[in-house]
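In what follows, a single structure is set out as structure tokens and then discussed.
The values are calculated or read from the model by the stated rules, or taken from the named source; none is laboratory data. Quantities reported herein were computed from a predicted structural model and do not represent experimental measurements. FYI the Cβ positions are ideal-geometry reconstructions off the backbone, even for glycines, and counts take in every protein chain you see.
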Amino acid sequence: MTHFLKAEQLADRLREIRQTLPASVKLIAVTKQVPVELMRIAYELGIRDFGESRIQEASTKQAQLRDLADVTWHLIGHLQSNKAAKALELFEWIHSVDNLKLANRLNQLAKTCCRKPNICLQVKLLPDPNKYGWNPTDLLTDLPDLNQCTHLNIVGLMAIPPYGLEPAQTLSVFQQTQQLAEQIRQQNWPNLQMQQLSMGMSDDYLLAIEAGSTMVRLGRTLFGERPSNEQ
Ligand SMILES: *Cc1c(COP(=O)(O)O)cnc(C)c1O
């Protein structure tokens, strides 16, 4: 049994969501566990950005959707170093670069690979044992090294607030992420751009937009509930 929406419902849902998104905000359709048939329908409805969490699942789906040539694939889940090469092959965007060692590894690999990946640095503005990412202090410490990663296109920050916050607290996390990006921007690192904020999921994307998000990553509100809770 699937919990996902039917094609007609997807069209309605997408129309509703688009009405709430400013033109400047990119909609990334998070398709983990979503069958490729439904992804094709999303494509027909104009979706061109797909977000996946797992290398293997993305690899299988990309093979099945090879004919959709103008799709941009975004990796949004934690990336293990040993899968970094595969990730560069599959994804133009990696939103979930969450430590310096991984950034250095990707930079090494990208030197010899075809395209320069777009990278967001994942941050945690509140401590959260369930999430990866830099805390602000450690990120500021690592900026000189990140600035040396000249084979990466580091374009901004990504954040996921801890689960279960009040809306005001969630908004505050997003605003602090925006402020951190601004602080980094003011340091004028030549290789660190900070124009992108990848913030906002189904339950909190309107708050994220209020705080200046430029990319929202929407799964359930677009496609319906996933069959399993697993990332
Ligand atoms: C699953 C996931 C999303 C989408 O979450 P929904 O609640 O389904 O909108 C967004 N970002 C990341 C990093 C995810 O793992």
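Sort out for me the helices (runs of 4 or more DSSP H) sitting completely within the stretch 81-157 that have 3 or more residues that are more than 18 Å from GLN187 (Cα to Cα).
Working: elements: 84-90, 100-111, 136-147.
Of the helices (runs of 4 or more DSSP H) lying wholly inside the stretch 81-157, those with at least 3 residues that are more than 18 Å from GLN187 (Cα to Cα) span 84-90, 100-111.
Looking only at residues that are among the aliphatic types (A, V, I, L, M) and in a loop (DSSP other than H, G, I, E, B) in the stretch 58-76, which one is nearest to GLU37 (Cα to Cα)?
Filtering the stretch 58-76 for residues among the aliphatic types (A, V, I, L, M) gives 58, 63, 65, 68-69, 71, 75-76.
Okay, now just the ones that are also in a loop (DSSP other than H, G, I, E, B), so 65, 68-69, 71, 76.
Numbers: LEU65: 9, LEU68: 12, ALA69: 16, VAL71: 15, ILE76: 21 Å.
So the residue we want is LEU65.
Are any residues in the stretch 143-187 in contact with a strand residue (DSSP E or B) (Cβ under 7 Å, 6 or more places away or on another chain) and more than 23 Å from LEU206 (Cα to Cα), and if so, which ones?
Taking the stretch 143-187 first, the residues in contact with a strand residue (DSSP E or B) (Cβ under 7 Å, 6 or more places away or on another chain) are 143, 146-147, 152-159, 173-174, 177-178, 180-181, 184-185.
Correct list: LEU143, LEU146, ASN147, LEU152, ASN153, ILE154, ILE184, ARG185.
Out of the residues in the stretch 59-76 that are among the hydrophobic types (A, V, I, L, M, F, W, C) and loosely packed, with under 14 Cβ neighbours inside 10 Å, which is nearest to ASN130 (Cα to Cα)?
To start, the set of residues in the stretch 59-76 that are among the hydrophobic types (A, V, I, L, M, F, W, C) comprises 63, 65, 68-69, 71, 73, 75-76.
Of the ones still in play, those that are also loosely packed, with under 14 Cβ neighbours inside 10 Å are 63, 69.
Working: ALA63: 31, ALA69: 35 Å.
Step by step, filter the stretch 59-76, then rank; the result is ALA63.
Do the conditions hold for LYS131, that is, is it more than 16 Å from HIS74 (Cβ to Cβ), basic (Lys, Arg) and at pLDDT below 95? Break it down stepwise before answering.
Values: more than 16 Å from HIS74 (Cβ to Cβ): yes; basic (Lys, Arg): yes; at pLDDT below 95: yes.
So LYS131 passes the test.
If a residue has to be out of contact with any strand residue (DSSP E or B) (no Cβ under 8 Å at 6 or more places or on another chain), without any contact (Cβ under 8 Å) to a residue 60 or more places away in the chain and in a helix (DSSP H, G or I) to count, how many in the stretch 14-26 make the cut? Spell out how you get there, then give the answer.
Of the residues in the stretch 14-26, the ones out of contact with any strand residue (DSSP E or B) (no Cβ under 8 Å at 6 or more places or on another chain) are 14-16, 19-20, 22-24.
In the following step, the residues that additionally are without any contact (Cβ under 8 Å) to a residue 60 or more places away in the chain were identified as 15-16, 19, 23.
The next check asks that each one be in a helix (DSSP H, G or I); those that pass are 15-16, 19.
Qualifying residue count, the stretch 14-26: 3.
Starting from the stretch 27-40, keep only residues that are on the phi > 0 side of the Ramachandran plot and surrounded by fewer than 20 Cβ atoms within 10 Å (Cβ to Cβ), then list their pairs with residues that are modelled with pLDDT under 95 and in a strand (DSSP E or B) whose Cβ atoms are within a distance under 7 Å, requiring at least 6 positions of separation or different chains.
Short answer, once both residue conditions are applied: none.
Considering only the stretch 77-99, state which residues are surrounded by 18 or more Cβ atoms within 10 Å (Cβ to Cβ) and in contact with a Cys (Cβ under 9 Å, 6 or more places away or on another chain).
LEU88, TRP93, ILE94, HIS95, SER96, VAL97
Does SER228 satisfy being over 19 Å from the mean Cα position of the chain (by Cα), modelled with pLDDT under 95 and of a type in the set (S, T, N, Q)?
Details: over 19 Å from the mean Cα position of the chain (by Cα): yes; modelled with pLDDT under 95: yes; of a type in the set (S, T, N, Q): yes.
In short, yes.
Quick check, is ASP128 within 16 Å of the ligand (Cβ to nearest atom) and out of contact with any strand residue (DSSP E or B) (no Cβ under 7 Å at 6 or more places or on another chain)?
Criteria met by ASP128.
Looking at ASP145, ASP204, ASP128, ASP138 in this structure, which one is without any contact (Cβ under 8 Å) to a residue 24 or more places away in the chain and out of contact with any His (no Cβ under 9 Å at 6 or more places or on another chain)?
On the way: ASP145 fails: without any contact (Cβ under 8 Å) to a residue 24 or more places away in the chain; ASP204 fails: without any contact (Cβ under 8 Å) to a residue 24 or more places away in the chain; ASP128 fails: without any contact (Cβ under 8 Å) to a residue 24 or more places away in the chain.
Criteria check complete, one pass: ASP138.
Please go through the stretch 162-180 and pick out each residue that is surrounded by fewer than 15 Cβ atoms within 10 Å (Cβ to Cβ) and assigned to a helix (DSSP H, G or I).
The answer is PRO167, ALA168, GLN169, GLN179.
Please find, within the stretch 181-220, the residue that is surrounded by the fewest Cβ atoms within 10 Å (Cβ to Cβ) out of those that are within 8 Å of the ligand (Cβ to nearest atom) and assigned to a helix (DSSP H, G or I).
ARG220
Residue-wise test of (1) farther than 28 Å from ALA211 by Cα; (2) not polar (S, T, N, Q).
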{"position": "ALA85", "(1), (2)": "yes, yes"}
{"position": "ILE94", "(1), (2)": "no, yes"}
{"position": "LYS101", "(1), (2)": "yes, yes"}
{"position": "LEU109", "(1), (2)": "yes, yes"}
{"position": "THR112", "(1), (2)": "yes, no"}
{"position": "LEU121", "(1), (2)": "no, yes"}
{"position": "TYR132", "(1), (2)": "no, yes"}
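Which of (1) within 16 Å of the ligand (Cβ to nearest atom); (2) among the hydroxyl-bearing types (Ser, Thr, Tyr); (3) in contact with a helix residue (DSSP H, G or I) (Cβ under 7 Å, 6 or more places away or on another chain) does SER81 not meet, given it meets every other one?
Tallying (1) within 16 Å of the ligand (Cβ to nearest atom); (2) among the hydroxyl-bearing types (Ser, Thr, Tyr); (3) in contact with a helix residue (DSSP H, G or I) (Cβ under 7 Å, 6 or more places away or on another chain), SER81 fails exactly one: (1).
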